[in-house]
Amino acid sequence: MAINTNEVTWVEPPQLGILDQLYLPAIAGGMATAFKHLLETVTGTGPEPTQQYPEEKPKLPPHYRGLHRLNRDEEGRVKCVACYMCSTACPAHCIDIVAAPSPWKDREKYPETFVIDELRCIYCGMCEQACPVDAIELTSIFDLTGLSREQMIFNKEKLLGVFDETVRKGTDPIRTHTGKLGPASEPAEGGLTESSSAQS
Amino acid sequence: MNITELVVVLVTIGIVFAGVMTFVGYGSLLERKISAWVQDRIGPNRVGFDLNQPILGLFKGFFGLGQPLADGVKFFLKEEFIPKNVDKVFYFLAPAVALSTAMIAFAVVPFGSTSVVPPLVDNRIDLAVSQPNPNYQHRVYPRTHGELDKIRAANPFRSEILDQARNQNPNIELPKVAGFDLGRSEVRFGIAPHLDIGVLFVFAVSSLAVYGVVLAGWSSNSKYSLFGALRASAQLISYEIPMGMSILVVVFMVGSLNLQAIVEFQARHTWFIVYQPLGCLLFLTAIFAECNRLPFDLPECEQELVGGYHTEYSSMKFACFMMGEYTHMVTTSFLLVAMFFGGWNIPFLVTQDFPGGALGWGAKLVVFCGKMVAVIAFFMLVRWSLLRFRFDQLMGLAWKGLMTLGILNTVGAVVILQTRPLGELSLWLLPAWSVIALLAVTGYSMTRPKAPNRFRTGIKRVDQRLPSHQELVGNRV
């Protein structure tokens, strides 16, 4: 559709004075600005947005969505109850869980294997939101590298290792949930329920 | 030419080539650093000389001084991609032409004091400015061209001129380094510093550089390259003219095209920036265009032409263009310094006879090269201050602006120098005339009607009669 010419407003450029027409004062002004920035950077008085990256790590916000970790509970066991909620929620289908009957009395199942393909992951954080027991979380580790595709597939041990490392460094992410968690995170009353004991 | 002279010349060429190429490398680093600083960044600071060896850890980083070295290695190791449909002969010839013309132009540029040999100044012009300075009477000035020819015929190496000078005045001091008579052996800060057509030679050869650009653009068989080459040829040819005009008055006053003589003239009198501010401005603008630097980098503007004339070049052939361009910058910066900023001269600090001996030679070398680096830094600062011209603006500036100014400047200066209305003070009319000419041309340009706004006129025409859809397409369907 053509523009209605009645709606077009022409803005005339202002009439230039002799100094503007000379260009030279304007050029000098522009160069003064450029030179001011140059001096500021050289003397270190100006803004210094540059981070010397490998030596100087960026301070990321705690809710940054980076590499996953599998949390441990107080006894050091994997917190996950193998409910498959995260792998169901995952839009990239990068989480692969094999559940097995839990060897512990406070839950029915536990993940025998828990594999995340970090190359497929889109770091959306939906697994974190879906998890009823806060077992999976995204940390602020962003510089994930590997020499092969196999190295980028993280199994349970690796993911637990990420937990240990972040706890050691004190870079725990902000919890998705606060307060009391869902029923699956609570230990069953009176030990195992019937169904779980039947399974085991 | 005997064998010693030949060896001296070859060694000089080798040293100069190595020096210029080194500077070209570090010029590119300086360019990147200045770009970074102006934009509040840090710039390359990683590549040092540690070669990834922990034992050399001290040289790690090092302000990125290893960067040019790494860049050079990269250029050599990159894939040499030759597009299928290029004109092979010219495609290979173009980078060679671009680099070699730039290097040849550098041959006559002095970069230090080359003046044990008396300057070949015609004293008539000297008289036109002021009486000959008695302090310099011990230097031999050939009074006529006949005398000059005689001296030259007697000895092509000129060292005999020194002997003559010594005969005339036994007290003349000739600089010595470690007991080595520099005067006789003619240590040279320049490959052919005594060429009497110096400036003309530089202009002639450096305008040959456009052949490299045109050949590259044509042989690449790519429209971007061709556009770049077309623009480059039009631009370089246009800006040759104001460039030549801007130095005419300097040449008139010195009476020589010899760069060495021009520098010595300024050392004896005043820098030409004082007498010729307008000429300096014109020359500066013209060399920006000649070097394809922003704001005149239309031949290779990335946004419109990918890379301009060197779009299809890769690896070392591309590097040849880059080196040619930087060499061109170095040459023109030396020219600017030599012609308008006194060359090696700093009043009262570094003059003709002070400091003497080897110290003086070194000081002059440092001052000359330091001024050149300052000019190049100025080039790079301008790059981040000004916007690129549109092509018609570029042409308009050269043909309407700079050329008018050049003519006015030259004519006015010649009239002043010939009539000398204020006697000894007449020289100060020159800068005054510069300002007057600049303001006059600017003022006149303001009275000119503006170019019609073709977009606005288009709208008006549509306004008068807006064709209906039926009229436009109805009959054709």
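The values are calculated or read from the model by the stated rules, or taken from the named source; none is laboratory data. All values reported here derive from a predicted model rather than from experimental measurement. Ideal geometry is used to build each Cβ from the backbone, glycine not excepted, and the neighbour counts take in all protein chains shown.
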Quiz item: Within the group B:98, B:105, which residue is in contact (Cβ under 8 Å) with a residue 12 or more places away in the chain, surrounded by 16 or more Cβ atoms within 10 Å (Cβ to Cβ) and touching a Ser or Thr at 6+ places or on another chain (Cβ under 9 Å)?
Solution: B:105
Quiz item: Does residue A:69 satisfy the condition of being touching a helix residue (DSSP H, G or I) at 6+ places or on another chain (Cβ under 6 Å), buried (at least 16 other Cβ atoms within 10 Å of the Cβ), over 30 Å from residue B:36 (Cα atoms) and of a type in the set (Lys, Arg)?
Solution: yes
Practice problem: Grab the helices (runs of 4 or more DSSP H) fully contained in the stretch A:11-104, keeping just those with 1 or more residues being out of contact with any strand residue (DSSP E or B) (no Cβ under 7 Å at 6 or more places or on another chain) and free of Cβ contacts under 8 Å to residues at least 40 places away in the same chain. | Solution: A:18-22, A:24-43
Exercise. May I ask you to verify whether residue A:52 is among the polar types (S, T, N, Q), touching a helix residue (DSSP H, G or I) at 6+ places or on another chain (Cβ under 6 Å) and at the interface with another protein chain (Cβ under 9 Å from one of its Cβ atoms)?
Key: no
Quiz item: Does residue B:14 satisfy the condition of being outside the structural domain of residue B:366 (by TED's automatic domain parsing), in a helix (DSSP H, G or I) and closer than 30 Å to residue B:219 by Cα?
Solution: no
Quiz prompt | Meets criteria (away from chain B (no Cβ under 14 Å) and at positive phi) for residue A:63 | solution = no
Quiz prompt | Tally of residues being assigned to a helix (DSSP H, G or I) and either of a type in the set (S, T, N, Q) or away from chain A (no Cβ under 12 Å) (or both) across the stretch B:31-56 | solution = 6
Self-check item: Verdict on residue B:310 being within 30 Å of residue B:226 (Cα to Cα) and either modelled with pLDDT of 90 or more or under 15 Å from the mean Cα position of the chain (by Cα) (or both)
Solution: no
Quiz item: Quick check, is residue A:15 loosely packed, with under 12 Cβ neighbours inside 10 Å, within 14 Å of chain B (Cβ to nearest Cβ) and modelled with pLDDT of 80 or more?
Solution: no
Quiz item: Pick from B:334, B:348, B:368, B:378: which is free of Cβ contacts under 8 Å to residues at least 12 places away in the same chain, in a helix (DSSP H, G or I) and either away from chain A (no Cβ under 14 Å) or of a type in the set (A, V, I, L, M, F, W, C) (or both)?
Solution: B:378
Quiz item: Just a yes or no: is a residue in the stretch B:254-265 buried (at least 24 other Cβ atoms within 10 Å of the Cβ), modelled with pLDDT of 85 or more and of a type outside the set (Lys, Arg)?
Solution: no
Practice problem: Give B:86, B:11 a once-over and let me know the one that is exposed (fewer than 15 other Cβ atoms within 10 Å of the Cβ) and over 16 Å from residue B:316 (Cα atoms). | Solution: B:11
